[in-house]
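These notes concern the structure reproduced below.
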Amino acid sequence: MKTPTYVAVTIALTAAAALSGCGSDGGSGGGRKITFVQGVKGDEFYISMACGAQQKAKELGVKLDVTGADKWDASLQTPVVNAVAAKSPDAVLIAPTDTQALRQPEQQLKSRGAKVIEVDTKLDDGSIRETAISSDNERGGMLAAQTLANLVQDRGTVAAISVKPGISTTDARLKGFETEIKKHPGITYLGVQYNDDDPAKAASIVTSTIASHRDLVGVFAANVFSGEGAATGIEQAGKAGQVKLVAFDATPKQVEALRKGSIQGLIAQKPFDIGSQGVEQAVAALDKKPVPKTISTDLVAVTKENVDQPEVSKYLYKGAC
Ligand code: T6T
């Protein structure tokens, strides 16, 4: 039976696209396979990042898979990465959950021929990745300190809460926060406590800190679950609006707390842009085009007053694309 012309043309175009390295929609992805390994599943920061990566992957004709562990834990992320390596993707976007512990799993990805793009977090060892794409976290921590100092009128005791040591992003935020808060002599800084990225643990840390420090006037929360938990703790202590809270990120739950008055300031990142650039740089690396060693994305200060302005609300994180 003679093949109808339109079928023959489709087959020819698809074959030509595959050979030329262009996606069927003309992108340069050429049907390549990329996997995105999140720092943790079920976190709107990484869900928003995956949305950006998916949009760029579609545009460039790339197949994108998204995976991750259920908790922020290097011992759980490692088998996820090993399983990805076994499938030999052309490139991997990864948010390593520890600056050291994920070095060997990332090295295995590279040894199997994958281009490694670190998104959000990064390893101490920069020799494996093609590039690292993230917010300017140290500057974001300094911005958080300036914001909190203004909110507490430059006097009283403040504390910080974060995930665990050894995470490039939250460690940088704390470094920026501590550098800046020390420039405010009227403010006593209690230091940081860690919650293992568990909002319930963050809530109990904040309630007990409030109970043991009657002069506590402010808290800096270095990421999503630290911020969501700290807001809960402040509400449970009956101190909403009295103990000021500045948190990194902008999930729906954090924005709700901002509107309710248990959070006073959010430092929103641009995860959608990070994901989109991650796929773009992966394809550039596969096409042997130059890739910058680091790419820094912007931050947006979100308050109750500006949260509904379109130029701010477009950066609020989403639970689905
Ligand atoms: O703050 C983000 C991310 O930038 C950080 O590396 C880890 O925590 C988050 O994922 C939010 O949960």
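The values are calculated or read from the model by the stated rules, or taken from the named source; none is laboratory data. For clarity, every value in this text was computed on a predicted model and none was experimentally measured. Note that we place each Cβ from the backbone using ideal geometry, even for glycine, and neighbour counts take in every protein chain shown. Areas reflect the complete protein model, heavy atoms only, side chains present, ligands, DNA and RNA absent. Shrake-Rupley method; radii C 1.70, N 1.55, O 1.52, S 1.80 Å.
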Does the range 179-191 include one or more residues that are within 12 Å of the ligand (Cβ to nearest atom), touching a Lys or Arg at 6+ places or on another chain (Cβ under 9 Å) and either free of Cβ contacts under 8 Å to residues at least 60 places away in the same chain or at positive phi (or both)? no
With the condition kept exactly as written, say whether any residue in the range 130-141 is closer than 21 Å to Ala257 by Cα and not charged (D, E, K, R). yes
Would you check if Glu311 is over 30 Å from Leu64 (Cβ atoms), acidic (Asp, Glu), outside the structural domain of Gly39 (by TED's automatic domain parsing) and more than 14 Å from the ligand (Cβ to nearest atom)? no
Identity of the residue in the range 90-130, of a type in the set (Ser, Thr, Tyr) and within 16 Å of the ligand (Cβ to nearest atom), that ends up surrounded by the fewest Cβ atoms within 10 Å (Cβ to Cβ): Thr99
Yes or no: Lys288 in contact (Cβ under 8 Å) with a residue 12 or more places away in the chain and either of a type in the set (D, E, K, R) or open to solvent by 30 Å² or more (accessible area, probe 1.4 Å) (or both)? no
If you go through Thr147, Thr157, the only one that is in the same structural domain as Val246 (by TED's automatic domain parsing) and in contact with a His (Cβ under 8 Å, 6 or more places away or on another chain) is Thr157
So Ala320 passes all but one of these: (1) among the aliphatic types (A, V, I, L, M); (2) open to solvent by less than 50 Å² (accessible area, probe 1.4 Å); (3) away from the ligand (no atom under 16 Å from the Cβ). Which condition number does it fail? (2)
Report every pair of residues separated by at least 6 positions or lying on different chains whose Cβ atoms are under 7 Å apart, first residue within the range 220-237 and under 18 Å from Thr169 (Cβ atoms), second basic (Lys, Arg) and within 15 Å of the ligand (Cβ to nearest atom). Ala222/Arg173; Glu228/Lys253; Gly229/Lys201
Flagged pairs (Cβ under 9 angstrom, 6 or more apart or on separate chains; first in the range 192-208, more than 15 Å from Lys164 (Cβ to Cβ) and without any contact (Cβ under 8 Å) to a residue 60 or more places away in the chain; second in a helix (DSSP H, G or I) and among the charged types (D, E, K, R)) are Ala203/Glu228; Ala203/Glu235
Please specify each residue of the range 229-259 satisfying the condition of being surrounded by fewer than 24 Cβ atoms within 10 Å (Cβ to Cβ), closer than 18 Å to Met49 by Cβ and either among the basic types (Lys, Arg) or within 11 Å of the ligand (Cβ to nearest atom) (or both). Lys253
Taking the stated definitions as given, is Ile267 closer than 20 Å to Gln54 by Cβ and either in a strand (DSSP E or B) or at pLDDT below 95 (or both)? no
Sole residue being assigned to a helix (DSSP H, G or I), touching a residue at least 12 places away in the same chain (Cβ under 8 Å), within 19 Å of Glu59 (Cα to Cα) and among the hydrophobic types (A, V, I, L, M, F, W, C), chosen from Ala257, Ala282: Ala282
Would a scan of the range 38-61 turn up a residue that is among the β-branched types (Val, Ile, Thr), away from the ligand (no atom under 13 Å from the Cβ) and either farther than 30 Å from Arg173 by Cα or modelled with pLDDT of 95 or more (or both)? no
For Leu216, work out the one condition from (1) out of contact with any strand residue (DSSP E or B) (no Cβ under 8 Å at 6 or more places or on another chain); (2) away from the ligand (no atom under 12 Å from the Cβ) it doesn't fulfil. (1)
